[in-house]
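First up is the structure itself, then whatever we jot down about it.
We did not get these values from a lab; they are worked out from the coordinates using the rules stated. Just so it is clear, the structure is predicted and the values come from calculations on it, not from any experiment. Every residue, glycine among them, receives a Cβ derived from its backbone with ideal geometry; neighbour counts consider all protein chains shown.
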2 protein chains.
Amino acid sequence: MAVNPTLYDVAREAGVSLATASRALNGSTRVVREDYRVRVLAAAERLGYTANLSAQAVARGTSSVVALLVSDIADPYFAAIAAGVTRAAAAAGLTVSMAVTERDAALEISHVRMLRGQRPRAIILAGSRFADERDRETLVAELESYRASGGSVALISQHELPFDSVSIDNSGGSAALARELVRLGYRGFGILAGPAELLTARDRSDAFAAALPSPPLAVVHGAFSRDAGYAGMLELLDSGTAGLDAVFAVNDVMAIGALAALRDRGVAPGTIAVAGFDDVSIAADVTPPLTTVHVDLEAAGAAAVALALDDAPSPTVVDVPAHVVIRASTPGR
Amino acid sequence: MAVNPTLYDVAREAGVSLATASRALNGSTRVVREDYRVRVLAAAERLGYTANLSAQAVARGTSSVVALLVSDIADPYFAAIAAGVTRAAAAAGLTVSMAVTERDAALEISHVRMLRGQRPRAIILAGSRFADERDRETLVAELESYRASGGSVALISQHELPFDSVSIDNSGGSAALARELVRLGYRGFGILAGPAELLTARDRSDAFAAALPSPPLAVVHGAFSRDAGYAGMLELLDSGTAGLDAVFAVNDVMAIGALAALRDRGVAPGTIAVAGFDDVSIAADVTPPLTTVHVDLEAAGAAAVALALDDAPSPTVVDVPAHVVIRASTPGR
DNA sequence: CTGTTAGCGCCTTCAA
DNA sequence: TTGAAGGCGCTAACAG
């Protein structure tokens, strides 16, 4: 069970001091004479040396990790964000450490505490939820003291908190979608609104409703998941709402569930239009291809790390545009 | 810019020694008198103390992170695995640090080196590829020396390497699928085989072909992606292969691309059957619902961390079963 | 059971 | 430019 070679081993092998080895290997401002540098590098190579990042972090007082907290990594929405975050982090020479909240506020808080222990350079939160006002305050306090201790935090789609955030244009996109559907001739709308306490869901639902010429026929709440979309659509169908001809699900995953419900109930394609939000990668490949609001989620993730790493004064928000994509799931009347 | 409180601060605040504070906060074998314990905990709470994990790692000589390396986190296959890994890691009180190889062998190697710097308790590799024999050897050497230094490695779907691995039953599942399709009356098969150098892809393709009564009509290689599935199906269509009535794509993502190609080419549904592999979550929601081979990817991810954390002698492999799921994309003749 | 005191691996003044 | 030495935050003997 050989142990990892330490910097000391490398220095000895190269016949130089610890300090010189350190300077040669992990770029410091100071310059090392070329032949020494070469010798150190060779020794490191020979020994298979890799700097112990923990030790570096302790010594430098600053680590090279960015912590990412998502609700559910198996959800394509978060997966896309994570892809953007990892890409941007890698480009910046940072390592990403990930935790999953399982959509549970308490878990979210405890994970933030855990993550703080890593003294990450930045904490990125995607999809937080605040069922409870006290939970929310606890979280904010936790994040605030993290920031006070030198870290930076970036939120995705959570612009109402006092932190940097990348704001997806939920309202604008939803309103544009509503207008577009009206233009296509739809009149009787149902909304699969998702969780009432989730800001993102509420923004989408509210903006959509507000952009309609008359109030929606029905609004049903539920989880943010495929199955909830399925159940919601069934509920809509069973409620016997008269004149229902289009349903807006506040995200694609729910919309896909809704489509499945329509199919299972034998509702003829085209009878009830369905639209989603996010333009998740499979949206174009379901049948009928899903009308939705496109958002570059990967860019949002990348933007979040950029935001966290820059040193602009803190509550700055960058906008990620959203634009309507009409596909066959809303054929027009 | 207040700095993070250290254990020393907590000890002082509580009026005890550093050692006592350490013992009270971070469970050691030693017991601390109750009133001291309470005082320390209170002080820590008051100060908002969180242990510096890096420092702990340095002092203990062992960290609490498990490193996960995937090809592409936005791919549902890897997203599901990552979900399993994070769940199992969280349950074990470990933190997961993730890196993405972008399906690039060189990047994979350099990331493994990076990750080693974190001195993780375990490294989990999903979806490695070895285009080049030398790359492969480099990787193996790197992993071997990591293991020699006390870490454990677990591979997913890569059983031919000398490490612990969770083996998805690619061959068995593919063969069963082939038999099932034959039973349904299909006779003229095409295979969208994915990358020739990817073991997983090859196993699936080969086993499927071998289980057929007569050789497949056509085998086309390409990337492991939706777009490659699309292109591959087009190629099959354009080649004018006579008698083609079923296509096996070695993963669901490709199969979905293939389905899209069929649709875009106006091939009547049911004319050419399509089957995939993995039973990714949207597989049941595309149209027609996709016949595929179900694999519990999340369980595979969880199994990988279990494997890495146990202390059984090393090259042990755990099998994850795969079973055929017939859906409407292969209606039978 | 508690406190003192070496380290853990690395970085970074500070002299030389 | 180099090396010696102190320190980062924490743990783990080791005495008391």
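First check a/c for the stretch A:7-60, with a ≥ b ≥ c the square roots of the eigenvalues of its C-alpha gyration tensor; if it is under 1.5, answer rounded, and if not, answer prolate when a/b is larger than b/c or oblate otherwise.
Oblate, since a/c reaches 1.5 and b/c is not below a/b.
What's the Cα-based Rg to Rh of the protein assembly as shown, Rh via Kirkwood? Here Rg/Rh amounts to 1.00. Near the amide H of A:Val65, within less than 5 Å, lie the amide hydrogens of A:Thr95, A:Arg121, all on another chain or at least 5 residues away, with H placed in the peptide plane. Full extension of the chain between B:Asn26 and B:Arg134 yields a length gain of 34.4 nm, computed as 0.36 nm times the residue separation minus the alpha carbon distance. Counting from the shortest, the label point at A:His323, 7 Å from Cα toward Cβ, is 4.7 nm from the same position in each remaining copy. Between the helical axis of B:252-264 and the longest alpha-carbon principal axis of chain B there is an angle of about 40 degrees.
Taking the DSSP beta bridges in the stretch B:190-323 as the whole, what percent of them are antiparallel, to the nearest 5?
Working: 2 of 14 bridges.
Antiparallel bridges make up about 15 percent of those DSSP assigns within the stretch B:190-323.
Any idea what the dipole of the stretch A:7-60 comes to, in debye rounded to 20, about its Cα centre with Lys/Arg Cβ at +1 and Asp/Glu Cβ at -1? Could the numbers behind the result be given before it?
Numbers: 8 positive and 5 negative charges, 36 e Å.
Roughly 180 debye, rounded to the nearest 20.
Put simply, the amide H of B:Ser152, placed in the peptide plane, has neighbours under 5 Å in B:Ala122, B:Ile123, leaving out anything fewer than 5 places away on its chain. Just flag the chymotrypsin sites (Phe, Trp or Tyr not before Pro) in the stretch A:105-204 sitting in loop per DSSP whose Cβ has no more than 10 other Cβ atoms within 10 Å. When the chymotrypsin sites (Phe, Trp or Tyr not before Pro) of the stretch A:105-204 are filtered for loop state and at most 10 Cβ neighbours within 10 Å, nothing remains. Please say if the stretch A:170-295 is rounded, prolate or oblate, where rounded means a/c under 1.5 for a ≥ b ≥ c the square roots of the C-alpha gyration tensor eigenvalues, and otherwise the choice is prolate for a/b larger than b/c and oblate otherwise? Since a/c stays below 1.5, the shape of the stretch A:170-295 is classed as rounded. Looking at the stretch B:153-229, the GluC sites (Glu not before Pro) that sit in a DSSP loop and have at most 14 other Cβ atoms within 10 Å of their own Cβ are B:Glu160, B:Glu197. Scanning chain B for the Cβ atom closest to the axis that brings B onto A yields residue and whole-Å distance B:Thr287, 2. Contact order for the stretch B:170-295, expressed relative to its length and based on alpha carbon pairs under 8 Å spaced 6+ residues apart, stands at 24 percent.
Take A:Glu144, push a point 7 Å out from Cα through the beta-carbon direction, and compare it with the same point in every other copy: 5.6 nm, smallest first. Diffusion of the stretch B:266-320 by Stokes-Einstein, at 25 °C in a medium of 0.890 mPa s and with Rh set to the Kirkwood radius over alpha-carbon pairs, works out to 177 µm²/s.
With the charge dipole of chain A set up from +1 on Lys and Arg Cβ and -1 on Asp and Glu Cβ about the Cα centre, the Cα lying farthest toward the positive end among the listed residues A:Ile191, A:Ala55, A:Ser149 is that of A:Ala55. With the simple spin-label model, which puts each label point 7 Å out from Cα in the Cβ direction, the B:Arg33 to A:Ser314 separation comes to 4.1 nm. Applying both filters, DSSP loop and at most 16 other Cβ atoms within 10 Å, to the trypsin sites (Lys or Arg not before Pro) of the stretch B:165-236 gives B:Arg187. Taking amide H atoms as placed 1.01 Å from N in the peptide plane, the amide H of B:Ala273 lies under 5 Å from those of B:Ala246, B:Val247, each 5 or more residues away in sequence or on another chain. Would you tally the net charge around A:Pro289, using a Cβ to Cβ cut-off of less than 10 Å, leaving A:Pro289 out, and scoring K and R as +1, D and E as -1? Within the 10 Å Cβ shell, the charges total +1.
Tell me the angle of helix B:170-183 to the major Cα principal axis of chain B, expressed in degrees between 0 and 90 and rounded to the nearest ten. On a 0 to 90 degree scale, this one is about 30. The shape of chain B comes out prolate: with a ≥ b ≥ c from the C-alpha gyration tensor, a/c is at least 1.5 and a/b beats b/c. Between A:Arg333 and A:Val182, the distance separating the two model label sites (each 7 Å from Cα on the Cα→Cβ line) works out to 1.4 nm. Separation of the stretch A:37-87 and the stretch A:104-164 by C-alpha centroid, Å? Between the Cα centres of the stretch A:37-87 and the stretch A:104-164 lies a distance of 21 Å. Think of chain A as a dipole: +1 on every Lys or Arg Cβ, -1 on every Asp or Glu Cβ, centred on the Cα centre; then among A:Tyr230, A:Met114, A:Ala74, A:Met114 lies furthest on the positive end. Peptide A:13-21 shows a mean partner chain C-beta count of 0 within 10 Å per residue C-beta.
Computed packing ranks the peptides B:298-307, A:206-215 as B:298-307, A:206-215, most packed first, by mean other Cβ atoms within 10 Å.
From other protein chains only, count the Cβ atoms within 10 Å of every residue's Cβ in A:141-151, then give the mean. Provide the component values of the computation, followed by the final result.
Values: counts 1, 2, 0, 0, 6, 3, 1, 5, 7, 4, 1.
Averaged over the peptide's residues, the number is 3.
Mean residue ellipticity, 222 nm, helices only, chain B: the sum of -39500 (n - 2.57) across DSSP H runs of n ≥ 4, divided by residue count and rounded to 500, is -14000 deg cm²/dmol. Label-point spacing at B:Asp104 relative to the other copies reads 3.8 nm, in ascending order, each point sitting 7 Å out from Cα along Cα→Cβ. The calculated Kirkwood hydrodynamic radius for the stretch B:181-233 is 11.5 Å, given to one decimal from all distinct C-alpha pairs. Here the label points at A:Thr271 and B:Ala59, each 7 Å from Cα along the C-beta direction, are separated by 6.8 nm in the simple model.
Taking beta carbons within 10 Å but only from partner chains, what does the mean come to for residues B:73-82?
Details: counts 13, 15, 4, 6, 0, 4, 10, 3, 2, 6.
Across the residues of B:73-82, the mean count of other-chain Cβ atoms within 10 Å is 6.
Net charge dipole, chain B: roughly 940 debye, given to the nearest 20, about the Cα centre with Cβ charges of +1 for Lys and Arg and -1 for Asp and Glu.
Taking a point 7 Å from the Cα of B:Ala284 along the Cα-to-Cβ direction, the residues of the stretch A:287-328 with backbone N closer than 19 Å to it are A:287-288. Ranked by the mean number of other Cβ atoms within 10 Å of their residues, highest first, the peptides B:107-117, A:73-83 come out as A:73-83, B:107-117. Annotation: for a label point projected 7 angstrom from Cα along Cα→Cβ of A:Asp264, residues of the stretch A:215-247 with backbone N closer than 20 Å are A:220-241, A:247.
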